[in-house]
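Data first, discussion second: the structure below is written as structure tokens.
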Amino acid sequence: MVDVSQHKLVPEHTLVDEEAVDEVLQEYNVKRTNLPKIKRKDPALPDEAEPGDVVRIVRDSRTTDQAVVYRLVIE
């Protein structure tokens, strides 16, 4: 079976610790539930991701070299 998370076109997905989540939410002035969602069964997620966790996704960008987005893991 192919490990999708290791494919070169899949951006880096990392879990964010709770302290960093609070900082991100304050910086963007949003609640956790206002973050875009990502399903727990998404093959790009780390295996230890659980519903309620926040994932940091770093993508390549033409304009800013790298774009960082945050997603809330849901069931």
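The values are calculated or read from the model by the stated rules, or taken from the named source; none is laboratory data. Being a predicted model, the structure only gives us computed values, none of them experimental. Neighbour counts run over all protein chains shown; Cβ positions are idealised from the backbone, glycine included. All accessible areas refer to the heavy atoms of the entire protein, side chains included, with ligands and DNA or RNA removed. Shrake-Rupley method; radii C 1.70, N 1.55, O 1.52, S 1.80 Å.
Go through (1) within 10 Å of the chain's Cα centre (by Cα); (2) closer than 13 Å to Tyr70 by Cβ; (3) of a type in the set (A, V, I, L, M, F, W, C) for Ala44 and report which single condition fails.
The single condition Ala44 does not satisfy is (2).
Quick check on the stretch 28-44: of everything there that is assigned to a loop (DSSP other than H, G, I, E, B) and in contact with a strand residue (DSSP E or B) (Cβ under 6 Å, 6 or more places away or on another chain), which residue is modelled with the lowest pLDDT?
Out of the qualifying residues, it is Ala44.
Looking at the stretch 14-23, is at least one residue modelled with pLDDT under 90, at negative phi, open to solvent by 100 Å² or more (accessible area, probe 1.4 Å) and assigned to a helix (DSSP H, G or I)?
No: the stretch 14-23 contains no residue that is modelled with pLDDT under 90, at negative phi, open to solvent by 100 Å² or more (accessible area, probe 1.4 Å) and assigned to a helix (DSSP H, G or I).
Residues to consider are Arg32, Arg40, Arg62; find the one that is open to solvent by 30 Å² or more (accessible area, probe 1.4 Å), within 22 Å of Gln6 (Cβ to Cβ) and charged (D, E, K, R).
When all the criteria are applied, what remains is Arg40.
Being under 15 Å from Val10 (Cβ atoms) and of a type in the set (Asp, Glu) is the filter; apply it to the stretch 46-66 and report the residue that is modelled with the lowest pLDDT.
Looking at the filtered set, the residue picked out is Asp47.
Name the residues in the stretch 1-13 that are open to solvent by 100 Å² or more (accessible area, probe 1.4 Å) and of a type outside the set (Val, Ile, Thr), would you?
If the condition is that a residue be open to solvent by 100 Å² or more (accessible area, probe 1.4 Å) and of a type outside the set (Val, Ile, Thr), then Met1, Gln6, Lys8, Leu9, Glu12 are the ones that fit.
Looking only at the stretch 47-59, count every residue that is among the small types (Gly, Ala, Ser) and either open to solvent by 40 Å² or more (accessible area, probe 1.4 Å) or farther than 25 Å from Lys31 by Cα (or both) and tell me the total.
0
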